[in-house]
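A.B. asks: First the structure, then my questions, so here it is.
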Amino acid sequence: MHAAMTRAWLIGAGPGDVELMTLKATRALAQADVVLVDDLVNPEVLQFARADAQVVYVGKRGGHPSTPQADIVTQMLRHLRAGRSVARLKGGDPFVFGRGGEELQALQAAGIDADVINGITAGIAAPATLGIAVTHRDYAQGVVFVTGHGAGSGEPDWAALAATRMTLVIYMGMRRLGEIAGALLAAGMSADTPCAAIESATRPEQRHVLAPLREFAGAVARAGLGSPAIVVIGGVASLALAREAAERDGRVHHEPVASATPHARAHAHSIKTLSVGIGCRSHSEAADIEAAVRTALGSNGFEQIRSIATIDTKADEAGLLEFCSRHQLPLRLFSREQIASAPVASPSAGVRAHLGVDGVCEPCALLAAAASDSARSAQNARLVVPKTVHAGITVAIAAPNNATLGDLPPSSQDQDSR
Ligand code: SAH
């Protein structure tokens, strides 16, 4: 075992928008043999992981129960002792809730020191999207990050918090909003105190509610806001109201933060230029296909996809059909002969033995992107993303191109060479 070379990182992936991840985080992620991913992490950040990295989801995705904390640490130790480097990816900052501190202690107890790489925590990023500066000096002397989750003896002392007159930024508070607001009012906090709830902050689906404390829980319930969301209580929340009023009056024009994300940018231009070729085993799950496509898309958005393409033997593949219908994308099917004659050679004996062709995802992406379905016309397309593999599903992405075959990126010829 090469203990000196083995490394462990606790990495903050930021609040959601991939561009809010740090350079240090992307560099560490690019080195890891194994990546253990939490629930709230945007799968798009996996574009920075090595194509051959082992990616393990330890969150509650897809209805599976989340992995108990002890098991996550056990898994990390197993990989580290086998000489594999491990990146533990957590949403936001690894040390702001989310148990990163406990994981570091457990690793240290086992004699392993992990590098901690900070991320932008949701409690700062979410308010910032609405123009809320959590420590604006006109309103507060400071900010308190507090969990709304703790019940019983873990319950925060809301009366004491109200007395500090600091901005309250509440994580995991959505389920108990009524009780929290009631406790703050009972402690004498003004019923007019401005409040904000921001759901899925910095993601394209971000939504928010602004209301005074007395109406807040009801307004959030009526809007149907749920987890994950950040709640801001205090005078600073009025900065969001002031900003919205200014926008309504046309005094300022600002691009909502969500439109700075690649997803929304693509939406704004609604350019459907990408064809996604998929190779999958029988009975692949829609959720895995989704994650694989998302990973391959990187900074491109789903709106940019024109069609999904695969081999015609997968015409009845339930997971694939479910994925396509979920995104309302046409599924284009190509025959073995069309695929075999497309201008991509992939030295994969296993795939050839199984399907009779070398590889499916890249030729299918090219065929779908080209003007017509003939193999010759596939030369009128180019791969914008060469084959990526995620959860055993291969994905390649192509776009139409007037270039000749020689202009195909080199990576399209030498994939699979690892
Ligand atoms: N380590 C994370 C927090 C983990 S606790 C961080 O620093 O951000 C999980 C809670 O974080 C959620 O219940 C929610 O309150 C908040 N959260 C995480 N991501 C969020 C997002 N994109 N939008 C709003 N709230 C988010």
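The values are calculated or read from the model by the stated rules, or taken from the named source; none is laboratory data. The model shown is predicted, which means the values in this text are computed figures rather than measured ones. Counting neighbours? That spans all protein chains shown, and the Cβs are built from the backbone with ideal geometry, glycine included. Heavy atoms of the whole protein, side chains included, go into the accessibility calculation; ligands, DNA and RNA do not. Shrake-Rupley method; radii C 1.70, N 1.55, O 1.52, S 1.80 Å.
A.B. asks: Could you tell me how many of the residues in segment 147-158 are within 13 Å of the ligand (Cβ to nearest atom) and open to solvent by 50 Å² or more (accessible area, probe 1.4 Å)?
C.D. replies: The qualifying residues number 1.
A.B. asks: For segment 1-120, which strands (runs of 3 or more DSSP E) that fit wholly inside it have 3 or more residues that are open to solvent by less than 10 Å² (accessible area, probe 1.4 Å)?
C.D. replies: 8-12, 34-37, 86-90
A.B. asks: Can you tell me which residue in segment 202-227 is surrounded by the most Cβ atoms within 10 Å (Cβ to Cβ), limited to those that are within 16 Å of the ligand (Cβ to nearest atom) and basic (Lys, Arg)?
C.D. replies: The residue in question is 203.
A.B. asks: Please go through segment 102-127 and pick out each residue that is within 12 Å of the ligand (Cβ to nearest atom) and free of Cβ contacts under 8 Å to residues at least 60 places away in the same chain.
C.D. replies: Scanning segment 102-127 gives a single hit, 124.
A.B. asks: Within segment 141-185, work out how many residues are under 28 Å from the mean Cα position of the chain (by Cα) and either in a loop (DSSP other than H, G, I, E, B) or among the charged types (D, E, K, R) (or both).
C.D. replies: Residues that pass the stated criteria total 7.
A.B. asks: Let me ask you something else. Looking only at segment 202-217, which residues are outside any loop (DSSP other than H, G, I, E, B) and in contact (Cβ under 8 Å) with a residue 12 or more places away in the chain?
C.D. replies: Taking segment 202-217 and keeping what is outside any loop (DSSP other than H, G, I, E, B), we get 207-217.
Once the filter is applied, which keeps residues that are outside any loop (DSSP other than H, G, I, E, B) and in contact (Cβ under 8 Å) with a residue 12 or more places away in the chain, segment 202-217 yields 207, 208, 209, 210, 211, 212, 213, 214, 216, 217.
A.B. asks: Do we find a residue being buried (at least 16 other Cβ atoms within 10 Å of the Cβ), at pLDDT below 95 and in a loop (DSSP other than H, G, I, E, B) anywhere in segment 186-201?
C.D. replies: Checked segment 186-201: no residue is buried (at least 16 other Cβ atoms within 10 Å of the Cβ), at pLDDT below 95 and in a loop (DSSP other than H, G, I, E, B).
A.B. asks: Out of 98, 142, 83, I need the residue that is under 29 Å from residue 244 (Cβ atoms) and touching a residue at least 24 places away in the same chain (Cβ under 8 Å). Which one? Steps first, answer last, please.
C.D. replies: On the way: 98 fails: under 29 Å from residue 244 (Cβ atoms); 83 fails: under 29 Å from residue 244 (Cβ atoms).
It is 142.
A.B. asks: For residues that are open to solvent by 30 Å² or more (accessible area, probe 1.4 Å) and either part of a helix (DSSP H, G or I) or not assigned by TED's automatic domain parsing to the domain that holds residue 197 (or both), tally how many sit in segment 123-140. Quick ask: steps written out before the conclusion?
C.D. replies: Just the residues of segment 123-140 that are open to solvent by 30 Å² or more (accessible area, probe 1.4 Å), to begin with: 124, 128, 131, 133, 135-139.
Filter once more, keeping what is either part of a helix (DSSP H, G or I) or not assigned by TED's automatic domain parsing to the domain that holds residue 197 (or both): 124, 128.
Final tally of qualifying residues: 2.
A.B. asks: Please tell me if residue 134 is of a type in the set (Val, Ile, Thr) and in contact with a Ser or Thr (Cβ under 6 Å, 6 or more places away or on another chain).
C.D. replies: Here the answer is yes, as residue 134 does meet what is asked.
A.B. asks: For residue 283, work out the one condition from (1) of a type outside the set (A, V, I, L, M); (2) assigned to a helix (DSSP H, G or I); (3) modelled with pLDDT of 80 or more it doesn't fulfil.
C.D. replies: Every condition holds for residue 283 apart from (2).
A.B. asks: Consider only pairs whose beta carbons are under 8 Å apart and that are at least six residues apart or on different chains; among these, list those whose first residue lies in segment 159-188 and is away from the ligand (no atom under 16 Å from the Cβ) and whose second residue is among the β-branched types (Val, Ile, Thr).
C.D. replies: Pairs found: 161/144; 161/146; 164/144; 166/143; 166/144; 184/193; 184/233.
A.B. asks: Here's another thing I want to ask about it. Mind listing whichever residues of segment 228-241 are part of a strand (DSSP E or B) and either closer than 12 Å to residue 178 by Cβ or within 13 Å of the ligand (Cβ to nearest atom) (or both)?
C.D. replies: 229, 230, 231, 232
A.B. asks: Just one of (1) open to solvent by 30 Å² or more (accessible area, probe 1.4 Å); (2) within 16 Å of the ligand (Cβ to nearest atom); (3) over 24 Å from residue 182 (Cβ atoms) trips up residue 144, so point out which.
C.D. replies: (3)
A.B. asks: Please pick out the residue among 316, 373, 312 that is touching a strand residue (DSSP E or B) at 6+ places or on another chain (Cβ under 8 Å), surrounded by fewer than 16 Cβ atoms within 10 Å (Cβ to Cβ) and either at pLDDT 85 or above or assigned by TED's automatic domain parsing to the domain that holds residue 53 (or both).
C.D. replies: 312
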